[in-house]
Amino acid sequence: MEVLLCLEISSRFRKIKSWVQQLRVAAYCRVSTSHKEQQDSLKNKIAFYTEYIQRNPCWQFVAVYYDTASGLRMNKRPGYQKLIKDCRRKKIDLILVKSLSRSGRDTEDTIKQIRRLKRMNIGVYIEVGGFNTTTVNASIIDQYAALDQAESQSRRQNTKR
């Protein structure tokens, strides 16, 4: 389904109408546990992304996908699986995430998913770092994913202690 938006652009003394296609935008959120604090955080993230996407006149809100699960196994996260399925069905142009670690903790899996989405012409905007995977060099993404995995492992070890 193609959605068009008419923008009026002021050009000195006359107005020019230009038609541009809205980006179909979704967000993905994940928390690791069902503890009340994390569930409250998840609700806040869903509300934030819903409003943030809907406020942008160049974007069409698709959905906020979410999971309460560990980031280790992508196949154990139904929200993430639905997001990927909708991407394959060409329902999404851009995905917003807070950080790469919210997508997954395993560097290799995260990089594979980002590259797969890029081949489908789907960008991922990562807030922490402020970059879009369609416009940034792949090595930057690889470095961020490796740093996120190291940070997650460190956090996990500290929690165990």
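The values are calculated or read from the model by the stated rules, or taken from the named source; none is laboratory data. All of these numbers come straight from a predicted model, not from anything done at the bench. In this analysis, Cβ positions are derived from the backbone assuming ideal geometry, glycine residues included, and neighbour counts consider all displayed protein chains. The protein model used for the area step is the full one, side chains on, heavy atoms only, and it has no ligands, DNA or RNA in it. Shrake-Rupley method; radii C 1.70, N 1.55, O 1.52, S 1.80 Å.
Residues of the range 104-136 that are touching a residue at least 12 places away in the same chain (Cβ under 8 Å) and open to solvent by 50 Å² or more (accessible area, probe 1.4 Å): Asp106, Asp109, Arg115, Lys118, Met120, Asn121, Tyr125, Glu127, Val128, Thr134, Thr135.
Each row is one residue, and each column tells you yes or no for (1) at pLDDT 95 or above; (2) loosely packed, with under 13 Cβ neighbours inside 10 Å.
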| position | (1), (2) |
| --- | --- |
| Gln22 | no, no |
| Gln38 | no, no |
| Gly71 | no, no |
| Met74 | no, no |
| Arg77 | no, no |
| Lys85 | yes, yes |
| Ile95 | yes, no |
| Leu100 | no, no |
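Taken over the range 114-143, the residue count meeting the criterion of being at pLDDT 80 or above and part of a helix (DSSP H, G or I) is 6.
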